[in-house]
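Scroll down for the structure; my scribbles are underneath it.
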Amino acid sequence: MVVKLDLRINKQESAAEQEKNGRHYLLFSLAAVFTLTFMLLFSMTCWKFYSILGERADIAQSMRINGERMASMDKEYERLSQQSAAIEAKLDYSLGDVPSVEFLYELNNKLIDGVVVESLTMTAAAATIKGVAFADEEVLQFGDDLLSAATVASVSLPTIAAAQRNGVKLRAFSIELKLKPLAEALKDGGIEKAAEAAPKTDGAPAPEQNEKTGETEGGGAQ
């Protein structure tokens, strides 16, 4: 019996096998690329998510700090507002008072030799000065000087009549004045300017005045 073997390679099967192996390699490569891409995208997504969480934490902390600062600023603003309101109330109360001290200060600067103030009556808007002088001209000069005072708005024409003090013939007078509000009197430093312009004296009355009135020093005005 004769046996024949065909040792030739089947070219069709070899080509099919090579094509099949190529497909396997291509699928494996695609799978590997997909896996690497997925892992890369997943890593980037996790990193981005972690970064966003960190930014949110920073923003939340910044908002909390800003909120605390705003609350502190609100408390400080409220405190300053209350303090300012209290100061304004005290200032309004002070400026709404009768300018008695300021007027007496200016009255002392406006007194002239020969004029003695015996009484002074004051209200919030007016004042009445009564006293004696040696001559009518001295009373008129005294009224003109009072008109330039920072606390005086207007001066009426003096009322003058004959009078006697300790047997000495004098001229008794009465002067009505309208006073400015204290705030207006203090505006632009009117009282301070009047004080600077006033002549500096030691406050002692003139010798001839003492001789005519017979009064001791310091007992003229009330």
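Which ³J(HN,Hα) values in Hz, rounded to whole numbers, follow from the phi angles of the range 134-139 under the Karplus curve 6.51 cos²θ - 1.76 cosθ + 1.60, where θ = phi - 60° and Gly and Pro get x?
Whole-Hz 3J(HN,Hα) from phi for the range 134-139: 8, 8, 4, 4, 5, 5.
Roughly what percent of Cα-Cα pairs across the range 96-174 reach past 21 Å?
24
Over 32 Å between Cα atoms: which of K75/K180; K75/K187; K90/K178; K48/K75 fall into that group?
Listed pairs above 32 Å: K75/K180; K75/K187; K48/K75.
Going 7 Å from the Cα of T123 toward and past its Cβ, which residues in the range 147-185 have a backbone nitrogen under 20 Å from where you end up?
It comes to 151-159, 174-185, nothing else.
Based on Cα coordinates alone, diagonalise the gyration tensor for the range 151-191, multiply each eigenvalue by 5, take square roots, and list the semi-axes in whole Å, largest first.
Over the Cα atoms of the range 151-191, the semi-axes work out to 33, 11, 6 Å.
Mind jotting down the distance between the C-alpha centroids of the range 19-78 and the range 115-156, whole Å?
First find each Cα centre; the distance between them is then 89 Å.
Considering amide H positions built from the backbone, and no H for Pro or chain starts, which residues 5 or more places from R165, or on another chain, come under 5 Å of its amide H?
The list, which skips near neighbours in sequence, is L170.
First measure r as the distance between the Cβ atoms of N21 and C46, then evaluate 1/(1 + (r/R0)^6) with R0 = 35 Å and state the FRET efficiency to the nearest 0.05.
Taking R0 as 35 Å, the efficiency between N21 and C46 is 0.40.
No lab work stands behind these numbers, since they all come straight from the coordinates. Keep in mind that what you see is a predicted model, and the values were worked out from it rather than measured. Quick reminder, even Gly has a Cβ in these numbers, built from the backbone with ideal geometry, and neighbours come from all protein chains shown.
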